[in-house]
Amino acid sequence: MDNQQIPQHFFMLLPFFFTFVAVFSVIMVIPYWQIFKKAGFTPWLALLMFVPLANIIILYVVAFSQWRVAPLPVGYPTSYPAQYPAPTYQPPAPPPSGDVTPPSV
């Protein structure tokens, strides 16, 4: 391959490159969109993930802020039903008092 053919091959690969970048961008924005929406922020903040220093700043703002959590869907159980009581912690029984010998090995 001589130097005259390099630009031709480069321009032939440009559509594949731009397609890859577009697909990767959509794949990266969707999770951030959902996280921002569930945290109570505007989902449009997901577009800031493409701005070099803003993406780090916005992640720290979201991570350390008070989240306004989205409400649970209708029909989602908020507590245990009566037939399945909530598990409770039972402390272990104290050892018996008196002379206890360790088991032999």
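The values are calculated or read from the model by the stated rules, or taken from the named source; none is laboratory data. These numbers were taken from a predicted model, which means no experiment stands behind them. Ideal geometry is used to build each Cβ from the backbone, glycine not excepted, and the neighbour counts take in all protein chains shown.
May I ask you to verify whether Ala70 is closer than 13 Å to Ala39 by Cβ and either at pLDDT below 75 or charged (D, E, K, R) (or both)? So Ala70 fits the description; yes.
When only residues in the range 30-48 that are in a helix (DSSP H, G or I), of a type outside the set (A, V, I, L, M, F, W, C) and in contact with a helix residue (DSSP H, G or I) (Cβ under 7 Å, 6 or more places away or on another chain) count, which is nearest to Ser65 (Cα to Cα)? Give the steps one after another, and end with the answer.
Just the residues of the range 30-48 that are in a helix (DSSP H, G or I), to begin with: 30-38, 43-48.
Narrowing the set further to residues that are of a type outside the set (A, V, I, L, M, F, W, C) leaves 31-32, 34, 37-38, 43.
Subsequent filtering for residues that are in contact with a helix residue (DSSP H, G or I) (Cβ under 7 Å, 6 or more places away or on another chain) retains 32, 37, 43.
On the way: Tyr32: 16, Lys37: 14, Pro43: 15 Å.
In this case the residue turns out to be Lys37.
Give the residue that is modelled with the highest pLDDT, with candidates limited to residues of the range 1-29 that are in contact with a helix residue (DSSP H, G or I) (Cβ under 9 Å, 6 or more places away or on another chain) and either among the aliphatic types (A, V, I, L, M) or not in a helix (DSSP H, G or I) (or both).
Narrowing the range 1-29 to residues in contact with a helix residue (DSSP H, G or I) (Cβ under 9 Å, 6 or more places away or on another chain): 1, 25, 28-29.
Now restrict to residues that are either among the aliphatic types (A, V, I, L, M) or not in a helix (DSSP H, G or I) (or both): 1, 28-29.
Values: Met1: 59, Met28: 86, Val29: 89.
So, considering only residues that are in contact with a helix residue (DSSP H, G or I) (Cβ under 9 Å, 6 or more places away or on another chain) and either among the aliphatic types (A, V, I, L, M) or not in a helix (DSSP H, G or I) (or both), the one modelled with the highest pLDDT is Val29.
For the range 26-40, give me the residue count where each residue is among the β-branched types (Val, Ile, Thr) and at positive phi. Qualifying residue count, the range 26-40: 0.
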